Amino acid sequence: MPDTHSNAGQLYANAGAFAAAEEPDAPVFCFSEAALRARLKRYLAGFPGETTYAVKCNSLPPVLAALAAGGLQGFDVASVREIEQVRAVAPQAQLHYHNPVKSRREIEVAYHVHGCTRFAVDCVQEIEKVHAIIGGDPSVEFAVRFVLPREHGSSSHDFSTKFGAPEHECAGLLTRVVALGYAPVLTFHPGSQCHDPQVYIRHIEAAGRISAASETVVSTLNVGGGFPANYLLQTTPEPEDFFAAIDAAVLSAFDGNHPALECEPGRGLVADCMSLLTCVKLVSADDVFLNDGIYGGLMEAYQAPDLRQPFRVWRDGALRKGSTRSFKTFGPTCDPLDVLPHRLDLPGDLREGDYVEFGGAGAYGPACVTDFNGYGAHGLAHVRAVLSL
């Protein structure tokens, strides 16, 4: 997790202004609360139901606090630690424990200590485990997570390989949930960076079939996350395009008993509220070495090479423009894997001490930082605007 920079209370115009004033030696995440608030406003105004936030995407306290202050009332959590992080900034927030696999101790703490009343399940064993711990509390919701075969190329990260029951098993799971006295919820995840609204429609149609097959009135349908952000190689539909498709699909798929809707965006909500400011440590021929890499804030460049973040170069508070050349870009560790999978076109006169700012770092940037080789320290600066597409 990034450390808060010593003058985090000061607001800079942008990453370049911060770099010129502070000359940071460690990489810095630059956070624009204004950008986050503006993005959140679109979800709260446009999504035809409740918007929650997938904490795993970025759990920095200023991010969680800004979301809560901006009107967000629910958070999708995957661990007790994430529950504690939410409770620290939003004590009354709704908690949706949507990790379908939880230890008995995690369930006990979530329910008895933190008042969590939503638990995701995708098998009968997990249903019985949660039931044994919480008893027959009718205020508790069980979210049955289902999965459909993935369409090739529909998302950057496939969420169909680990969690979710196949459609034909879900009617029985819903029936068991109702028999135990809990409120039945259906949930799915279309895959991270889903760029086709049709994927949501397919899943909503399946949810309608599951509800009908189980003869269960589903109280809530959670359509998951997956809402995309823009990257250099991917320009995606606007959030409102997804919202309209989801709304129409629910009206069509459920015969009269339309469930309440929820979504749980991560990337689509926070990607563009933060950039990563790195410093050039060495330029050698066509190789450049930065003070951060794939073991730090750029890990997703290695995991999902198609998600290429926009970038720009600062020197003395001014943007570097003009002719460029191609560089192989390394991180600071001694591991040969610490190299971006694609070359960067950087200024031809790039030199030690220049700063390279990467946009779109709000999604999984801080969340994936490691301490490998001792390079885990990251600052946090507050800025008005960050690099985005």
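The values are calculated or read from the model by the stated rules, or taken from the named source; none is laboratory data. Everything numeric in this text was worked out from a predicted model, so none of it was measured. When we count neighbours, we look across all protein chains shown, and the Cβ atoms used for this are built from the backbone with ideal geometry, even at glycine.
Cβ-Cβ distances below 7 Å connect the following pairs, each with a first residue in segment 91-107 that is in a strand (DSSP E or B), a second residue that is among the aliphatic types (A, V, I, L, M), and a separation of six or more residues or different chains: Leu95/Val77; Leu95/Ile83; Leu95/Val86; His96/Val77; Tyr97/Val77; Tyr97/Ala110; Tyr97/Ala120. Counting only residues that are within 30 Å of Gly136 (Cα to Cα) and in contact with a Cys (Cβ under 8 Å, 6 or more places away or on another chain), which one in segment 183-212 is surrounded by the fewest Cβ atoms within 10 Å (Cβ to Cβ)? Across segment 183-212, the extreme among qualifying residues is Ile210.
Within segment 358-375, does at least one residue satisfy the condition of being in contact (Cβ under 8 Å) with a residue 60 or more places away in the chain, part of a helix (DSSP H, G or I) and either buried (at least 20 other Cβ atoms within 10 Å of the Cβ) or not assigned by TED's automatic domain parsing to the domain that holds Ala301 (or both)? Full working, then the answer.
Our first condition is that a residue be in contact (Cβ under 8 Å) with a residue 60 or more places away in the chain; within segment 358-375, this holds for 358-370, 372-373, 375.
Now narrow it down to the ones that are part of a helix (DSSP H, G or I): 366-368, 372-373.
Then keep just the ones that are either buried (at least 20 other Cβ atoms within 10 Å of the Cβ) or not assigned by TED's automatic domain parsing to the domain that holds Ala301 (or both); that gives 366.
There is at least one residue in segment 358-375 that is in contact (Cβ under 8 Å) with a residue 60 or more places away in the chain, part of a helix (DSSP H, G or I) and either buried (at least 20 other Cβ atoms within 10 Å of the Cβ) or not assigned by TED's automatic domain parsing to the domain that holds Ala301 (or both).
Would segment 331-344 turn up any residue that is of a type in the set (D, E, K, R), in contact (Cβ under 8 Å) with a residue 40 or more places away in the chain and not in a helix (DSSP H, G or I)? Yes; the residues of segment 331-344 include at least one that is of a type in the set (D, E, K, R), in contact (Cβ under 8 Å) with a residue 40 or more places away in the chain and not in a helix (DSSP H, G or I). Picking from residues in segment 277-317 that are acidic (Asp, Glu) and closer than 18 Å to Leu232 by Cα, the one that is surrounded by the most Cβ atoms within 10 Å (Cβ to Cβ) is Glu300.
Could you please give the count of residues in segment 21-55 that are buried (at least 18 other Cβ atoms within 10 Å of the Cβ) and assigned to a helix (DSSP H, G or I)? So the answer is 7.
The set of residues in segment 183-211 that are more than 20 Å from the chain's Cα centre (by Cα) and more than 19 Å from Gly164 (Cα to Cα) contains only Gln198.
Any idea which residue in segment 318-331 is surrounded by the most Cβ atoms within 10 Å (Cβ to Cβ), counting only those that are within 21 Å of Gly16 (Cα to Cα) and touching a strand residue (DSSP E or B) at 6+ places or on another chain (Cβ under 8 Å)?
Initial filter on segment 318-331 (within 21 Å of Gly16 (Cα to Cα)): 318-324, 329, 331.
Then drop every residue that is not touching a strand residue (DSSP E or B) at 6+ places or on another chain (Cβ under 8 Å), which leaves 319-324, 329, 331.
Details: Leu319: 12, Arg320: 20, Lys321: 9, Gly322: 7, Ser323: 8, Thr324: 15, Thr329: 24, Gly331: 29.
Per the stated criteria, the residue is Gly331.
Restricting Phe163, Phe243, Phe227, Phe146 to residues that are assigned by TED's automatic domain parsing to the domain that holds Pro100 and in a strand (DSSP E or B) narrows the list to Phe146. Say whether the condition of being modelled with pLDDT of 95 or more, outside any helix (DSSP H, G or I) and either outside the structural domain of Leu261 (by TED's automatic domain parsing) or of a type in the set (D, E, K, R) (or both) is met by at least one residue in segment 168-179. Looking through segment 168-179, none of the residues is modelled with pLDDT of 95 or more, outside any helix (DSSP H, G or I) and either outside the structural domain of Leu261 (by TED's automatic domain parsing) or of a type in the set (D, E, K, R) (or both).
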